[in-house]
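Have a look at the structure below, then the notes.
Taken together, the values in this text are just the output of simple stated rules run on the coordinates, not laboratory data. On a predicted model such as this, the values are computed, not experimentally measured, just so you know. Cβ placement follows ideal geometry from the backbone for every residue including glycine, while neighbour counts extend to all protein chains displayed.
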C-alpha cells in the first residue's frame, strides 16, 4: 500500500505538467506514432519503392532495404525520445532534416479511416455517403448529394 502513493504522486505530477497544454499532447502522440513505425514499416516500403523507380529493381532489394531500415530505426528512436521527454519543452518536432514529421507511406497507398462503427456511425441509422440500392436500375441517387 505504501508503494502506491509515490506512483500516484508521479501520475499527479505528470498530469499537472500536461494539463491545459496542447504541446505535450501533440509531442506524446507524435512519439507514439513514430515508435510504432518499426511495426508499420512505411519507411521501408517507401524506400524500396522509390529506389526501384529511380535506381533499379535490383537496388530496391539491397540499397532500398538498408535505407528504409535505417529510416525506420531513426524514426523509432525519435519516437522513444519524444515519449520520454513529452512533458518538457521544446514541443516542436526534432530531426526534421533526416525524417519527415508525418508518417511516410508508399506512393501507391493512400491511408483512410477504417470502415467500422467508430468512424462511420451514421451507416447504422440509414444515412450513408454512398448510393442507395445501386443494384436497381434507375435508382442511382446519393442521400447526401446537394
Label residue 53 and residue 26 with points 7 Å out from Cα along Cα→Cβ: what is the distance between them in nm?
2.9 nm
I'd like to compare 52-59, 38-45: which one has the highest average count of other Cβ atoms within 10 Å, and what's the full order after that?
38-45, 52-59
Debye calc, one equal point scatterer per Cα of region 21-109, no solvent, log10 I(q)/I(0) at q = 0.14, 0.26 1/Å comes to -0.50, -1.19
Could you tell me the calculated FRET efficiency between residue 94 and residue 41, based on Cβ-Cβ distance and R0 = 22 angstrom, to the nearest 0.05?
0.50
